[in-house]
Amino acid sequence: MALDVTPLLETIDDLSNGKEILTNLYNNPVYQKHLQRRMQRQFVMLGYSDGTKDGGYLRANWSIFKAKLELSELSKKHGVDIVSLTVGADLRLVVVEIPISFIRRWEIKLPIMRLN
């Protein structure tokens, strides 16, 4: 069974370290083979809730925006299509956040969460 490795970047520190985390993954020979088997596609989950708790609404949203730009540019350099799974966000924000020049291919996935 093939599984995707999906880093969860949710706190302000996680978002700040996202580029380093993905750089380490992309430079790992074993992980490079994994990406080849997964059609050069990398999923990453960016969360609003913990970032908002951690740094406030404005800082969390700014950190997510910056992380998306950095991760998109890094992934593009490595020939990887990145798919951002964003939890807790307004879909309108998800669609317009990344400048089109950073995107190699559009794909939007909406995680389904059950709230009790």
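Do we have any residue at all in the range 5-26 that's open to solvent by 50 Å² or more (accessible area, probe 1.4 Å), in a loop (DSSP other than H, G, I, E, B) and touching a residue at least 60 places away in the same chain (Cβ under 8 Å)? The answer is yes; a qualifying residue exists.
What are the residues in the range 33-42 that are in a helix (DSSP H, G or I), closer than 14 Å to Ile82 by Cα and open to solvent by 80 Å² or more (accessible area, probe 1.4 Å), if any?
Gln36
Being open to solvent by 90 Å² or more (accessible area, probe 1.4 Å) and outside any helix (DSSP H, G or I) is not true of Met45. Go through the range 63-72 and give me each residue that's farther than 19 Å from Tyr31 by Cβ and open to solvent by 30 Å² or more (accessible area, probe 1.4 Å). Residues satisfying the conditions are Phe65, Lys66, Leu69. Does Tyr57 satisfy being within 14 Å of Leu85 (Cα to Cα) and modelled with pLDDT under 90? The answer is no for Tyr57.
Scanning the range 36-54 for residues that are of a type in the set (S, T, N, Q) and closer than 16 Å to Leu8 by Cα, we see that the one that is modelled with the lowest pLDDT is Ser49.
The values are calculated or read from the model by the stated rules, or taken from the named source; none is laboratory data. Just so you know, these numbers come straight off a predicted model, no measurement behind them. All Cβ positions, even for glycine, are placed from backbone atoms using ideal geometry, and neighbour counts span all protein chains on display. Side chains included, ligands, DNA and RNA excluded: accessible areas come from the protein's heavy atoms. Shrake-Rupley method; radii C 1.70, N 1.55, O 1.52, S 1.80 Å.
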